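What follows is calculated from the coordinates using simple rules that are stated; it is not laboratory data. All figures in this text were calculated on a predicted structure; none of them were measured in a lab. With ideal geometry, Cβ positions are generated from the backbone for all residues, glycine too; neighbour counts draw on all protein chains shown.
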Amino acid sequence: MGFFKKLKNKFTTQTETVTEKFKEGLTKTRDSFVGRMNELFAQYRTVDEDFFEELEEILIGADVGVSTVMELIDELKDEVKLRNIKDSKDIAPVISEKLAEKLDKSGEDTKLNMQDNQMTVILFVGVNGVGKTTTIGKMAHSFKQEGKRVVMAAGDTFRAGAIEQLEIWGERVGVDVVKQQEGSDPAAVMYDAIQSARAKKADVLLCDTAGRLQNKVNLMKELEKVKRVISREIPNAPHEVLLVLDATTGQNAMTQAKTFGEATDVTGIVLTKLDGTAKGGIVLAIRNELNIPVKLVGLGEGMDDLQPFDADQFVYGLFKELVEAETGEDAEEEADNSSVR
């Protein structure tokens, strides 16, 4: 069975809501990427060196990342020889298969590290303006929908309005927010939040942190202090350190990921505003070049549009038209064969 048919079969048996969210959230990237791919297939009927050069440009244009693109092109060339592919359209499922492999190279690490017998502490890091507070609010909503007790800690005490913004989310989703006044020590806020969450027997504590610090040394010291307080109160916590990145910033998001990755032990990435960019290939660049799993993606502005990342869902959302075109042709062919029989 071909890769496109496997994708189609997988998602006709799954919840349509999630599949639709990925398809809708990737509309801009899909329209741009698949549009250029179709032009490529029309221009080059056979798979040759010129075809691969053009494909390389398309992938780099989608923010897949130069080193990842070079690696991908080499793998595709090997597959073309191995499978004896001549027609350019026959390579589309191979491209999608390779993308899925790179996105899902360590399998289960895309799931959040939730604790069964103690409170789960999730620390959020990232620069201002990437949607960090909104992400925390949406995650609080999601956990509440699952029946979990949630507390939020307003640890961004430096940015004007950050505490109030988190409070608004707390009121919206019905979750308590632990705070101190603006300019307070973030580590002290975390200590108070842990005591409050314990008293409330919370299942999850979501911790905001400052997004603007003067340099990497300050960033490292601040985050180390916050983590030290958390781990002193709860051994092995925080259980997740999620870096929030804005997909619309493209390669700048990669730079942020490298900086925060050097400053603290980032366990996963939340990629927001994926619906707002035509360069969704940044997911692949982050996953492949930084070796940090993308755990959640923002696929819209709605409360339920923050979704767990799924490599196959992503590829299906990206190649929707090509998947449906190929599987549709297969169905027609099977119908013709049965009528002949």
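Here are some notes:
- Rounded to 10°, Cα long-axis angle of helix 16-25 versus longest principal axis of the chain: 90 degrees
- The angle between the Cα long axis of helix 27-43 and the longest principal axis of the Cα atoms of the chain comes to about 20 degrees, rounded to the nearest 10.
- Among beta bridges from DSSP that stay inside the stretch 111-310, the antiparallel ones total about 10%.
- Available extension along the chain between residue 201 and residue 304 is 34.6 nm, counting 0.36 nm per residue and deducting the alpha carbon span.
- Across the stretch 305-313, computed HN-Hα scalar couplings (Karplus, 6.51 cos²θ - 1.76 cosθ + 1.60, θ = phi - 60°) run 8, 8, 10, x, 6, 9, 4, 5, 4 Hz from first to last residue, x flagging Gly and Pro.
- Computed helical MRE - 222 nm, the chain, DSSP H runs ≥ 4 contributing -39500 (n - 2.57), nearest 500: -17500 deg cm²/dmol
- FRET efficiency, residue 31 to residue 90 (Cβ-Cβ, R0 25 Å, nearest 0.05): 0.60
- 21 Å Cα-Cα threshold exceeded, pairs from 77/102; 111/200; 144/201; 216/295: 111/200; 216/295
- For the stretch 220-233, backbone phi angles converted through the Karplus equation (6.51, -1.76, 1.60; θ = phi - 60°) give residue-by-residue couplings of 4, 4, 5, 5, 4, 5, 4, 5, 5, 5, 5, 5, 5, 7 Hz, Gly and Pro being listed as x.
- Cut-off under 5 Å, modelled amide H: who pairs with residue 268 long-range: 241, 243
- Shape of the stretch 161-215, Cα gyration tensor, a/c cut at 1.5: oblate
- Reach of residue 221 by Cα under 18 Å, taken over aspartates and glutamates that are not fewer than 8 positions away in the same chain: 156, 185, 208, 262, 265
- Electrostatic bookkeeping for residue 127 treats Lys and Arg as +1 and Asp and Glu as -1; over the other residues with beta carbon under 15 Å from its beta carbon, the sum is +1.
- Looking at the chain alone, DSSP beta bridges between its own residues are antiparallel in about 15 percent of cases.
- Taking amide H atoms as placed 1.01 Å from N in the peptide plane, the amide H of residue 120 lies under 5 Å from those of 115, 204, 205, each 5 or more residues away in sequence or on another chain.
- Residues whose placed amide H lies under 5 Å from that of residue 158, excluding near-sequence neighbours: 183
- Under the Karplus curve 6.51 cos²θ - 1.76 cosθ + 1.60, θ = phi - 60°, whole-Hz ³J(HN,Hα) for the stretch 170-179, x wherever Gly or Pro sits: x, 5, 5, 9, x, 10, 5, 10, 9, 9
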